[in-house]
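Notes for the one structure printed next.
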Amino acid sequence: MSLRQNQTKAIITQALEQASLGDVRVSVSASKGGNARWGDSMPTTSGDIERLTVSVTAVTRDGRKATAQSNDTSKSGLAKLVAQAESMAALSPVDPEIMPPRGETRYLAAKAFDRKVSTMKAATRAPIVQSAIEAGTSQGLAMSGYLAHSDRTVAAGDRAGLFGYTRSTQLRASTTARTADGTGSAKAARVGFGASTVDGDALASEAALWALRSKEPTPLDPGDYTVILAPQAVSDLLGFLVGAMSHRAAVEGRSFFSAPGGKTKIGQALFHPSITLRSDPTDAKNPAAVMTTDGDPQPMVTWIEKGVLRALRAGRFWGDQAGVPVRPSPSSLHLSGGASTDSLLDLIGKVDKGVLVSRLWYNRMLQPRTITSTGLTRDGTFWIEGGKIVRPVKNLRYNDSVVTLLSNVAEMGAPVRAGGTTDRTDVVPPMIVDGFHFDSTSDAV
Amino acid sequence: MSSYRRDFLTLSGLATASLLLPGRTWAMPSGAKKPAPLTPPPSAAASAAVVAKSRVPADIPIAKKAVEAAIAAGASYADARLVVYRTESIGVRDDHVQAIKHGEDYGIGVRVIADGGWGFAAAPRVDAKTATTLAKTAVDSAKRSGKMLRELGRPPVAWVGAPVAKGTWVAPFEEDPFSVSLADKAEMFVDAAKAVMKVPGVAHASAGVALVGEDRAFVSSEGAEVHQIAYRLAPRLTASVVSERLGRFASRDLEVPGMQAGWEYVREIDMLGSAPQVAQDALRKLHASPVTPGARAVILAPSNLWLTIHESIGHPTELDRAMGLEADMAGTSFLRPADAGSRKIAAEGVNLVADRTQPGGLATVGWDDDGVQPGRWDIVRDGTFVGWQTTRDQAGWAGKSQSRGCSYGQRYSGVAFQRMPNVSLQPGAEGYTTEDLINATEDGVLISGRGSWSIDQQRYNFQFSGQMFWEVKRGRITRPLRDVAYQANTVDFWNSCDMLGGEGTYRVFGTFGDGKGQPMQSNAVSHGCPPARFEANIVNTGGGK
């Protein structure tokens, strides 16, 4: 169900009124949405789903804390939930990292709601799915994909005066086209808050074009190469950076960002001077969540400025402890390097010899010390020579680091919204990166 | 390596003891040495108590109402699931609790076939009005899918028959994990973390447990009516060490599997007793020598091999992947639909069995979410791929008239589709011990525990890491290694398998986090195996240029 502001406020108020402890915190997360899938060029599952979670955190005077969640918003259900959280807290050991209730909190404003997305249903999904399938089957391709829409509410309140509320829509679609002989595959994806985000035919036509180009790949020897990373591949690697950017882990010596003597590398020039990485939940075109489900505000942050590390993540306890601003795991990342308007194709034209990577798949952390990860290229990998796509190549496994991406960058294009393999709003450019390491080849298509 | 194996076979007639290492051999924590409870003791009284407490049976008339409304709206088949999904997590850091969380969600999901297409609708409200609305919404979705199938010239959903499911099933347990006091539960992990912290040189300890309780009813237009309850537990304990001088850090997890069981399972694990070993292993890893890359033998302990089975055998033998239905997300398979029964993918003597009846197995159920009572069947027999994982709408694609019973939908809100059963590697007939495998290896690495893992979308090329790595030279453990991963092609890897541990070495491990589908749903699944020896490409994952 999608809840309006007064409905969430009523739930939160009702729960808080049941509280016997002085410190009780309530959050509500509700969504109404639908989705459709297709595979082997036929619709498979399609459904409309409502979800709801009421979360109550109770804290005793001596710092015992526990959280209970349910989806029962009746008066008796809320009373039961609060009583459960309070009795769980009483049974819990003291948490020395407990923080006082947040109280009145200001949030940035972002518009991320489109009524047309909020009211989508099977009747509006079906034509998009059918056009996406037919755009591929008309070229002899096997099509699969996913279309999903949601209207989501998040609200948080406490007994010290906090009330935060956001409502947003999201529309996402992805489609994978595979050639009939099984040797070519490509994916196209879109995500955004507005109804204009997805055009089934255009999406599928893009996947179809690249799938046909990727047919019958030949092997490329593993080694170090200049790579042209499509924005999706950049986004795939950036997640590891966010994971590594814990201020606490840095101080505790468990991170790439650790400096000797229990210090961090904030202020050090760690990356190429062209790299600037920011979070901006208010971006008009690509807005993101302005608060976490716990009610923490998502601030504007400059993480990296012209290659210099400026900030690391910190929760409320650690921020207080270390004397640094509270910065939750960001809801958005904007990576930029100047005013380039180059597209991915423009960047290809600038490479003498290199590998074009459409996306990276099954990425896993290997070594936090160097933020080294592993994974494979997928859905279109190409050998570039003289600024042109010369041939498709078999997929390759990389063992390398997001640090290489941010240090060895040769060129960046214009940032675009990456297609959404993460809940984060990633607005990142295509990039040319030197000396990226591929370790082995794969026969997978 | 095969010639070395022959040498070993001639030697193995000698007293094995004479080949064993002097003193301590290899450091597997005691928690993993102990066999996982293959047969958790059932308690009829405990089962009856949780069934009596369940809120689900009283709402079955509402689920039936949804099914009737769907049929009235034009569905040819309908089912409804009522699911209470409970979760609890306790997180401990160093000497204190960091987070305690309990969650419960309850709702109804209605799935229908109408005009040959699938439809689904779900809501977190269980009442007659919602049930009717959901049924109509699901039928509308289904009819639009059916119409699209006709216009695309594709066949309607082919739903194979199954005996009508009726009954109640409770996964065997003794002590309801949700009934044990939180303070008692938390204390066990605080004590274990404190014991880790006591070892000099340890920087941090973390510990905790994740609990899931599923209480679900399934009714269908075919007359099925079943009620099932199962508990799953995943305890954990980790030591972290840091050396500023070396500029390195390392961590070590206790090798303890998640299981379908009651709280008695956590009590059986001697976390406190294992804590010093976990801490010492972390320090050992910190000071270990970096591995030299190259092709060599790997001896994989069950605590490591289970995940390799999951990724390289479990996923590619899902029929929907081979059919291309998961191409947009999880991927397809290196196996083709026609490969069953003929394609050799492993060495002779390698047998893998699917089993949703295995006691303690995370994917063990009474009936699946198509209302099918699943059993045990061969996936790989003597090295040849023989059997797919199927559901009722897929069995026909494999030329079968019966489903294998692999349908599962997570929570009320997830539509049921094909999910992995417990898939296990069978022990070897020779009865080897882990020591036998080590003694027979000229040059290799012994790997235990779950590390990083990554595999491509058709399951050819994988690279897996682990928790502990030991160099093996001339039949002896020589020293600990660090930054190790093994990389291989699935079929080459399984064909290189030349030694399997015997029945006494078989252990079961598993995960709650088997992800698949859009939106992603998590399946819980176990994999049993003995230690086994393979050939792989050792990679140094230290990074840093």
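For the reader, a short list of remarks on this structure follows.
Residue by residue, here is whether (1) surrounded by 24 or more Cβ atoms within 10 Å (Cβ to Cβ); (2) in contact with a Gly (Cβ under 9 Å, 6 or more places away or on another chain); (3) in the same structural domain as B:Val256 (by TED's automatic domain parsing) holds:
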| site | (1), (2), (3) |
| --- | --- |
| B:Asn495 | no, yes, no |
| B:Gly501 | yes, yes, no |
| B:Gly504 | no, yes, no |
| B:Val508 | yes, yes, no |
| B:Phe512 | no, yes, no |
| B:Gly515 | no, no, no |
| B:Ala524 | yes, yes, no |
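- Of all residues making up the stretch A:118-127, the number that are within 11 Å of another protein chain (Cβ to nearest Cβ) and either in contact (Cβ under 8 Å) with a residue 24 or more places away in the chain or hydroxyl-bearing (Ser, Thr, Tyr) (or both): 6
- Number of the condition not met by A:Arg424 [criteria: (1) farther than 26 Å from A:Ser279 by Cα; (2) touching a strand residue (DSSP E or B) at 6+ places or on another chain (Cβ under 7 Å); (3) more than 14 Å from chain B (Cβ to nearest Cβ); (4) not aromatic (Phe, Trp, Tyr)]: (1)
- Residue match in the stretch B:499-513 (condition: acidic (Asp, Glu), more than 14 Å from every other protein chain (Cβ to nearest Cβ) and not in a loop (DSSP other than H, G, I, E, B)): yes
- Filtering the stretch B:115-157 to residues that are in a strand (DSSP E or B) and either touching a Leu at 6+ places or on another chain (Cβ under 8 Å) or of a type in the set (Phe, Trp, Tyr) (or both) leaves B:Gly117, B:Trp118, B:Phe120, B:Ala121, B:Ala122, B:Ala123.
- Only one of B:Ser333, B:Ser342, B:Ser303 that is farther than 26 Å from B:Ile438 by Cα and either more than 14 Å from chain A (Cβ to nearest Cβ) or free of Cβ contacts under 8 Å to residues at least 60 places away in the same chain (or both): B:Ser342
- Residues that are at pLDDT 95 or above, assigned to a strand (DSSP E or B) and either more than 7 Å from every other protein chain (Cβ to nearest Cβ) or surrounded by fewer than 16 Cβ atoms within 10 Å (Cβ to Cβ) (or both), drawn from the stretch A:54-111: A:Val54, A:Ser55, A:Val56, A:Thr57, A:Ala58, A:Val59
- Residue-level analysis places A:Arg327 among those that are within 30 Å of A:Phe113 (Cα to Cα), crowded, with 21+ Cβ neighbours inside 10 Å and in the same structural domain as A:Val409 (by TED's automatic domain parsing).
- The condition (being hydrophobic (A, V, I, L, M, F, W, C) and out of contact with any His (no Cβ under 8 Å at 6 or more places or on another chain)) is satisfied by just one residue among B:Leu446, B:Leu425: B:Leu446.
- Cβ pairs under 7 Å, 6+ apart, first in the stretch A:186-200 and in the same structural domain as A:Ala173 (by TED's automatic domain parsing) and over 20 Å from B:Ala330 (Cβ atoms), second surrounded by 17 or more Cβ atoms within 10 Å (Cβ to Cβ) and among the aromatic types (Phe, Trp, Tyr): A:Phe193/A:Phe113
- Of all residues making up the stretch A:251-268, the number that are more than 16 Å from A:Val301 (Cβ to Cβ), in contact (Cβ under 8 Å) with a residue 12 or more places away in the chain and either away from chain B (no Cβ under 13 Å) or in contact with a Ser or Thr (Cβ under 9 Å, 6 or more places away or on another chain) (or both): 6
- If you check A:Thr166, A:Thr176, A:Thr183 for being more than 10 Å from chain B (Cβ to nearest Cβ), touching a residue at least 60 places away in the same chain (Cβ under 8 Å), hydroxyl-bearing (Ser, Thr, Tyr) and crowded, with 19+ Cβ neighbours inside 10 Å, only one passes: A:Thr166.
- The residue list A:Asp400, A:Asp443 contains one member that is surrounded by fewer than 24 Cβ atoms within 10 Å (Cβ to Cβ), within 11 Å of chain B (Cβ to nearest Cβ) and not polar (S, T, N, Q), which is A:Asp443.
- Within the stretch A:289-314, the set of residues being touching an Asp or Glu at 6+ places or on another chain (Cβ under 8 Å) and buried (at least 16 other Cβ atoms within 10 Å of the Cβ) comprises A:Gly295 only.
Residues are listed down the side, and each one gets a yes or a no for (1) assigned to a strand (DSSP E or B); (2) in contact with a Ser or Thr (Cβ under 8 Å, 6 or more places away or on another chain):
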{"site": "A:Thr169", "(1), (2)": "yes, yes"}
{"site": "A:Thr176", "(1), (2)": "yes, yes"}
{"site": "A:Ser196", "(1), (2)": "no, no"}
{"site": "A:Glu206", "(1), (2)": "no, no"}
{"site": "A:Leu212", "(1), (2)": "no, yes"}
{"site": "A:Glu216", "(1), (2)": "no, yes"}
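- Checked against the criterion of being of a type in the set (S, T, N, Q) and more than 25 Å from A:Phe163 (Cα to Cα), the candidates A:Gln321, A:Gln298 yield just one match: A:Gln321.
- Candidates in the stretch B:335-370 are the residues that are within 20 Å of B:Ala524 (Cβ to Cβ) and more than 17 Å from the chain's Cα centre (by Cα); of these, the one that is surrounded by the most Cβ atoms within 10 Å (Cβ to Cβ) is B:Asp370.
- Condition check for A:Arg369: within 25 Å of A:Ala211 (Cα to Cα) and in the same structural domain as A:Ile348 (by TED's automatic domain parsing): no
- Subset tally (residues that are assigned to a loop (DSSP other than H, G, I, E, B), of a type outside the set (Val, Ile, Thr) and crowded, with 24+ Cβ neighbours inside 10 Å) for the stretch B:383-408: 7
- Flag for A:Gly261 being modelled with pLDDT under 95, crowded, with 21+ Cβ neighbours inside 10 Å and more than 20 Å from A:Pro430 (Cα to Cα): no
- Against the conditions (1) at the interface with chain B (Cβ under 9 Å from one of its Cβ atoms); (2) farther than 28 Å from A:Leu3 by Cβ; (3) outside any loop (DSSP other than H, G, I, E, B); (4) over 26 Å from the mean Cα position of the chain (by Cα), A:Gly136 satisfies every one except (1).
- Across the stretch A:357-387, the number of residues qualifying as under 16 Å from A:Gly435 (Cβ atoms) and more than 13 Å from chain B (Cβ to nearest Cβ) comes to 2.
- Top-ranked residue in the stretch B:90-143 [being among the hydroxyl-bearing types (Ser, Thr, Tyr) and facing another protein chain (nearest Cβ under 8 Å); ranked as nearest to B:Ser54 (Cα to Cα)]: B:Tyr106
- Residue that is nearest to A:Ser70 (Cα to Cα), among those in the stretch B:123-144 that are of a type in the set (Lys, Arg) and surrounded by fewer than 22 Cβ atoms within 10 Å (Cβ to Cβ): B:Arg125
- Elements of type strands (runs of 3 or more DSSP E) in the stretch A:342-432, at least 1 residues being without any contact (Cβ under 8 Å) to a residue 40 or more places away in the chain and more than 20 Å from A:Lys306 (Cα to Cα): A:353-367, A:372-385, A:388-392, A:396-401
The values are calculated or read from the model by the stated rules, or taken from the named source; none is laboratory data. Nothing here was measured: the structure is a model prediction, and the numbers come from that model. Every residue, glycine among them, receives a Cβ derived from its backbone with ideal geometry; neighbour counts consider all protein chains shown.
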